[in-house]
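This report refers to the structure that appears directly beneath it.
The values are calculated or read from the model by the stated rules, or taken from the named source; none is laboratory data. Values in this document were obtained by computation on a predicted structure and should not be read as measured data. Neighbour counts run over all protein chains shown; Cβ positions are idealised from the backbone, glycine included. The protein model used for the area step is the full one, side chains on, heavy atoms only, and it has no ligands, DNA or RNA in it. Shrake-Rupley method; radii C 1.70, N 1.55, O 1.52, S 1.80 Å.
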Amino acid sequence: MRSGNPALKESTFLDLGSGTVVSRADGAMTLNGTVNKTGILLLLTVMTAAFAWNASFVNGEPTAMAPIYMWGGLIGGFILAMVTVFKKTWAPVTAPMYALVEGFFLGAISAMFNHMYDGIVMQAVLLTFGTLFALLFAYRSGLIKATENFKLGVVAATGGIMLVYLASIVLNMFGSGIPLIHESGIVGIGFSLFVVVIAALNLVLDFDFIETGVEQGAPKYMEWYGAFGLMVTLVWLYIEFLRLLSKLQSRN
């Protein structure tokens with residue numbers, strides 16, 4: 001049981017004390033319940049994202065609140081994500097809070113991208129959900145199977161991407177950076193395509209984790225946690241689509 005998603009690691013559905021899956025006959029995790037919780041989190045995210053979108057730009061100019069929504073949402077979402085990861089039983093409360101706070105970040109950064117590249121946000125949204133449903137269909141139909149080698153490959157690639165991003169952040173702090181990968185050249189676009197593919201393949205691993213939790217009777221609160229983990233991957237995939245599309249449009 002592996003996932004490149006930091007929210008869904010090997011022990012996600014396990015009782016860390018005994019190493020066995022926790023089961024509650026009166027409140028077991030279900031697939032429909034997880035789907036419903038995911039829909040709720042998406043709705044909450046869209047609500048605050050729409051608010052931040054409208055408040056971040058007025059008459060085509062950024063407002064003073066734009067960076068507050070963006071950085072506040074980013075930092076607040078990260079904190080709530082860490083709390084949810086380490087206190088899974090709090091997921092029924094922290095997962096909706098994460099969705100609301102992350103919505104501010106997504107709304108503000110989407111408004112910024114759309115200001116620079118008109119129409120890019122709708123394209124990224126359509127690509128994100130198109131990828132979600134395509135991979136869900138492929139997973140459910142058996143076209144893609146989460147084998148052990150598949151999981152190892154995706155996890156290794158995800159870890160490599162995270163290390164590259166971390167190195168880029170550290171180097172930027174010293175006035176440098178990793179050349180080419182953040183630019184709109186062939187290397188930059190190729191790197192973004194690779195990241196999008198790996199982010200998308202993490203969805204398959206997320207589906208596998210959720211299905212495993214349902215099959216083994218994980219407790220009811222894990223529906224919220226599974227939905228939260230899926231949201232983390234969707235947010236990452238959406239941001240990477242924005243980055244890829246912005247690189248492609250900047251070449252025009």
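Some points to look at:
- When region 220-233 is filtered for residues that are open to solvent by 10 Å² or more (accessible area, probe 1.4 Å) and either in contact with a Gly (Cβ under 6 Å, 6 or more places away or on another chain) or among the hydrophobic types (A, V, I, L, M, F, W, C) (or both), the ones remaining, listed by number, are Lys220, Trp224, Leu230, Val232.
- Here Phe191 passes the criteria (1) assigned to a helix (DSSP H, G or I); (2) open to solvent by less than 20 Å² (accessible area, probe 1.4 Å) except the one numbered (2).
- A search for C-beta distances below 8 Å between a residue of region 155-170 that is in a helix (DSSP H, G or I) and any residue that is open to solvent by 40 Å² or more (accessible area, probe 1.4 Å) and basic (Lys, Arg), counting only pairs 6+ apart in sequence or on different chains, returns Val155/Arg2.
Residue-by-condition table, conditions (1) surrounded by 15 or more Cβ atoms within 10 Å (Cβ to Cβ); (2) under 16 Å from Val197 (Cα atoms):
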{"site": "Lys88", "(1), (2)": "yes, no"}
{"site": "Met97", "(1), (2)": "yes, no"}
{"site": "Glu102", "(1), (2)": "yes, no"}
{"site": "Met116", "(1), (2)": "no, no"}
{"site": "Ala146", "(1), (2)": "yes, yes"}
{"site": "Asn149", "(1), (2)": "no, no"}
{"site": "Thr158", "(1), (2)": "yes, yes"}
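- Of all the numbered requirements in (1) surrounded by 14 or more Cβ atoms within 10 Å (Cβ to Cβ); (2) more than 15 Å from Val195 (Cβ to Cβ); (3) at pLDDT 90 or above, Phe133 misses one, and that requirement is (1).
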